[in-house]
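Written out below as structure tokens is the structure these notes cover.
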Amino acid sequence: MKKTAVAKYPISDLISRRWSPRIFDRDKHVDIRDVGSLFEAARWAPSCGNEQSWRFIVGVNFDKTHEMIVDTLSDGNKKWAGNCPLLFIALANQPEHGGKPFVHSEHDLGLALQNLLLQAIDLGMYAHLMAGFSPEKARKAFEVPEGNRPLTAGAVGYYGDANKAAVDLKQKDEGLRSRKAFDKFVFSGRWGIPLGI
């Protein structure tokens with residue numbers, strides 16, 4: 001299914017085609033080279049001081065790590081994400097930077113994730129990030145050391161057959177995409193004054 005964004009101004013085709021489905025094809029596994037491309041894209045994200053403060057725990061094609069990641073997900077996300085052949089936990093590594101806490105790690109992880117999401121689209125796949133997971137379960141299951149914060153879970157795979165999906169998932173995937181108007185988040189002069197684009 002394609003859900004191209006209706007943009008007010010021209011944007012990259014990759015950005016326009018990126019969306020977060022919940023219906024995935026369980027029978028179509030990911031090629032390990034494509035997994036490499038996804039994390040290569042993440043690797044080349046910009047980062048403050050070149051700290052590259054992102055870390056990933058990855059389960060591929062329903063291996064043991066995949067199963068362990070599913071166990072960290074909320075019940076609502078387990079319902080659909082377990083069908084994705086690639087699951088991951090994204091962590092912000094938070095070392096000290098010049099003797100002070102490194103405050104940009106979450107920002108930089110977001111940049112790496114966006115690269116990964118766009119690379120998935122370029123490879124003919126889709127990705128869906130999830131706040132609905134237990135960082136505590138992930139920390140315990142994977143023995144995550146201090147200084148690394150599990151921030152989000154992610155699912156990557158190929159779009160599935162909507163006709164075979166649960167009704168609620170089909171309805172969510174078929175819903176219209178929307179975004180806030182510019183005057184809600186692009187300001188000039190002072191806070192709350194729209195730029196007027």
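The values are calculated or read from the model by the stated rules, or taken from the named source; none is laboratory data. Because the structure is a prediction, the values reported are computed rather than measured. All Cβ positions, glycine included, derive from the backbone under ideal geometry; neighbour counts span all protein chains shown. Protein only, heavy atoms only, side chains kept; ligands, DNA and RNA dropped before computing areas. Shrake-Rupley method; radii C 1.70, N 1.55, O 1.52, S 1.80 Å.
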**Message:** For region 168-184, give me each residue that is closer than 20 Å to C84 by Cβ and surrounded by fewer than 10 Cβ atoms within 10 Å (Cβ to Cβ).
**Reply:** G175
**Asked** Only one residue in A155, A92 is out of contact with any Asp or Glu (no Cβ under 6 Å at 6 or more places or on another chain) and buried (at least 18 other Cβ atoms within 10 Å of the Cβ), so which one is that?
**Response** A155
**Item:** Among (1) on the phi > 0 side of the Ramachandran plot; (2) under 17 Å from the mean Cα position of the chain (by Cα), the one test that N50 misses
**Value:** (2)
**Asked** For region 1-25, which residues satisfy the criterion of being surrounded by 15 or more Cβ atoms within 10 Å (Cβ to Cβ) and over 27 Å from G76 (Cβ atoms)?
**Response** S16
**Asked** Quick one: what pairs do we get from region 1-27, first residue in contact (Cβ under 8 Å) with a residue 40 or more places away in the chain, second of a type in the set (V, I, T) and open to solvent by 60 Å² or more (accessible area, probe 1.4 Å), C-beta under 6 Å, 6+ apart or different chains?
**Response** R17/T4
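Before we move on, is L87 open to solvent by 70 Å² or more (accessible area, probe 1.4 Å) and either under 26 Å from S16 (Cα atoms) or not in a loop (DSSP other than H, G, I, E, B) (or both)?
No: the conditions fail for L87.
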